[in-house]
Amino acid sequence: MATFRVGVGSFNIQDGAVGFGTDTDGLGSLKVKGVTKTTDIKVSGASTLTRYSGFAADNINQLENITLTSEVGTIGDIVVGVGTSVIISSASTVTVGTVESVSIGTHFSPPTGGIEERGQDFVEGMMRFNTDLNTMEFYNGNEWRQFTYISDIKNSPSSRGRGVIGGGRSPNHTTSMEFIQFHTLGSAQSFGDLQNNSTYKFPNSSAVRGIFSGGYEPSGGGYDTNIINYITIASAGDATDFGDLVTDSGIGSGASSSTRGLQFGGYVNPGTNHNVIQYIEMSTLGNSLDFGDTSTTLRGWGAANSTIRAVIAGGDTGSAKTSGMEFVTISSLGNGREFGDLTLARRLDNQNASGSIRGVFLGGGWGSRTDTIDFVNFASLGNAVDFGNLTNETALPATCASVLRGIVCGGYSPHVNIIEFVTIATAGNAQDFGDMTDTRHAHTAVSDCHGGLGGY
């Protein structure tokens with residue numbers, strides 16, 4: 001091997017390989033011992049940088065394939081050429097924030113899989129394509145959120161989807177269900193039948209399933225049930241058995257994230273309220289589980305939710321109505337905590353709609369009714385603010401929501417079949433949407449695209 005010394009440094013040449021600062025033979029064409037500083041580096045061929053953090057490169061222009069096996073960092077851009085790949089091995093360490101940008105010539109393919117394939121070790125900022133929901137999603141540190149696409153309001157996931165209304169009284173108790181399409185104003189259409197004809201059911205929704213739980217059945221003056229029904233929202237048909245509630249209950253309220261459904265308090269025959277919070281995992285059939293307790297014992301709650309929080313509002317003790325609001329963190333078992341107050345005391349009976357930022361409480365009352373609409377911002381504790389008014393004073397309608405619209409169906413003022421809507425992001429009065437197939441009240445509605453699901 002020929003060795004050449006220049007000043008205090010040296011380089012050697014052997015068999016077409018060149019080494020700097022080392023008396024060993026080169027690996028490939030060039031081996032450099034120690035820290036190498038450069039303003040630009042071009043890598044051609046299958047290359048391995050075993051300690052890339054030792055470079056202080058402005059840019060890495062990657063012409064062919066590259067494998068990173070140790071510490072990784074750059075102060076500039078990584079440019080990946082067309083038809084090439086960057087492979088980061090399981091042994092490598094990437095320091096967050098050291099790579100300013102990655103430029104990709106054509107496209108990149110993110111990890112893919114269904115809801116059950118997300119794994120367990122989530123880190124804020126993770127992205128993947130969800131094959132169950134057919135959309136990109138990211139982890140925000142608390143929940144998986146789906147990307148919202150709204151450039152085409154009519155055809156985007158933000159507006160597509162349907163709401164399904166079931167049960168109630170018309171004026172007799174019924175098992176029938178009907179549905180609406182959120183992006184198209186118009187009247188409801190027949191969907192199928194529930195397993196039982198109870199009123200005041202708890203509603204829960206995912207992108208796939210609608211859940212109808214518990215309720216108040218018309219036997220012997222009424223009794224409460226523990227039956228949980230579910231439907232596949234995209235496919236009209238009859239409901240199927242899901243499981244049972246921990247506590248027979250009705251006249252409560254429900255809230256949902258994309259994966260979990262909560263049932264708040266309610267009425268237990270004969271004549272008593274309870275403060276139990278129950279929950280289900282909506283992708284898995286089975287019985288509900290204990291979540292915690294509300295701080296007050298009421299019936300007739302309203303409940304709105306983001307992906308993180310559920311806010312329950314209003315209700316009555318059996319002798320007096322309340323304006324109070326409580327909240328829970330959906331992903332964490334625990335008891336309700338104080339949120340603020342509605343603009344007026346009233347019983348809400350699931351008269352609510354959810355956007356990703358705002359919850360809206362629509363009408364309400366029992367005995368005396370109101371057309372008042374209030375809203376809250378989920379992220380900020382505090383009192384509700386006036387939103388506008390319904391077209392009439394309504395109690396006991398069914399409500400559901402898309403990302404954009406809150407829908408109010410039927411109700412008692414007395415019995416009506418009208419459907420009206422509000423735009424959740426914009427305060428104002430309700431507008432006409434269409435009509436239900438019949439008059440009914442004390443019914444329940446679910447949807448496959450409510451605000452708690454992000455963009456879907």
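Answer yes if at least one residue in the range 404-418 is of a type in the set (A, V, I, L, M) and farther than 19 Å from residue 163 by Cα, and no otherwise.
Scanning the range 404-418 turns up no residue that is of a type in the set (A, V, I, L, M) and farther than 19 Å from residue 163 by Cα.
Check 310, 255, 303 and return the single one that is assigned to a strand (DSSP E or B) and in contact with a helix residue (DSSP H, G or I) (Cβ under 8 Å, 6 or more places away or on another chain).
Just a single option satisfies the conditions, and that option is 255.
Would you mind finding the one in 277, 251 that is closer than 17 Å to residue 303 by Cβ, surrounded by 21 or more Cβ atoms within 10 Å (Cβ to Cβ) and over 22 Å from the mean Cα position of the chain (by Cα)?
None of the others qualify; the one that does is 251.
Between a first residue in the range 254-275 that is within 21 Å of residue 359 (Cα to Cα) and in the same structural domain as residue 216 (by TED's automatic domain parsing) and a second residue that is of a type in the set (Gly, Ala, Ser) and surrounded by fewer than 23 Cβ atoms within 10 Å (Cβ to Cβ), which pairs have beta carbons less than 7 Å apart while being 6 or more apart in sequence or on different chains?
That search, which allows pairs on different chains as well, returns 259/283.
Is at least one residue of the range 374-386 among the aliphatic types (A, V, I, L, M), closer than 29 Å to residue 280 by Cβ, part of a strand (DSSP E or B) and modelled with pLDDT of 90 or more?
yes
Which count do you get for residues in the range 173-206 that are in contact with a Pro (Cβ under 9 Å, 6 or more places away or on another chain) and touching a residue at least 60 places away in the same chain (Cβ under 8 Å)?
Qualifying residue count, the range 173-206: 1.
Residue-wise test of (1) assigned by TED's automatic domain parsing to the domain that holds residue 181; (2) in contact with a helix residue (DSSP H, G or I) (Cβ under 7 Å, 6 or more places away or on another chain); (3) crowded, with 24+ Cβ neighbours inside 10 Å; (4) part of a loop (DSSP other than H, G, I, E, B).
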{"site": "333", "(1), (2), (3), (4)": "yes, no, no, yes"}
{"site": "338", "(1), (2), (3), (4)": "yes, no, no, no"}
{"site": "344", "(1), (2), (3), (4)": "yes, no, no, yes"}
{"site": "350", "(1), (2), (3), (4)": "yes, no, yes, yes"}
{"site": "391", "(1), (2), (3), (4)": "yes, no, no, yes"}
{"site": "409", "(1), (2), (3), (4)": "yes, no, yes, no"}
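Residue 298 - would you say it is under 25 Å from residue 338 (Cβ atoms) and at pLDDT 95 or above?
Considered against the rule, which asks whether it is under 25 Å from residue 338 (Cβ atoms) and at pLDDT 95 or above, residue 298 comes out as no.
Kindly state which strands (runs of 3 or more DSSP E) lie completely within the range 191-243 and contain at least 1 residues that are surrounded by fewer than 24 Cβ atoms within 10 Å (Cβ to Cβ).
209-213, 227-232
Of the conditions (1) of a type outside the set (A, V, I, L, M); (2) in contact with a Cys (Cβ under 9 Å, 6 or more places away or on another chain); (3) farther than 30 Å from residue 194 by Cβ, residue 377 clears all except one; give me its number.
Of (1) of a type outside the set (A, V, I, L, M); (2) in contact with a Cys (Cβ under 9 Å, 6 or more places away or on another chain); (3) farther than 30 Å from residue 194 by Cβ, only one is false for residue 377: (2).
Scan the range 412-424 and give yes if some residue there is touching a helix residue (DSSP H, G or I) at 6+ places or on another chain (Cβ under 6 Å) and modelled with pLDDT under 90, otherwise no.
no
Any residue in the range 112-126 that is without any contact (Cβ under 8 Å) to a residue 60 or more places away in the chain sitting within a Cβ distance under 9 Å of a residue that is outside any loop (DSSP other than H, G, I, E, B) and of a type in the set (Gly, Ala, Ser)? List the pairs, counting only those 6 or more apart or interchain.
Correct list of pairs: 119/113.
The values are calculated or read from the model by the stated rules, or taken from the named source; none is laboratory data. Remember, it's a predicted structure, so these values are computed and weren't measured experimentally. Note that we place each Cβ from the backbone using ideal geometry, even for glycine, and neighbour counts take in every protein chain shown.
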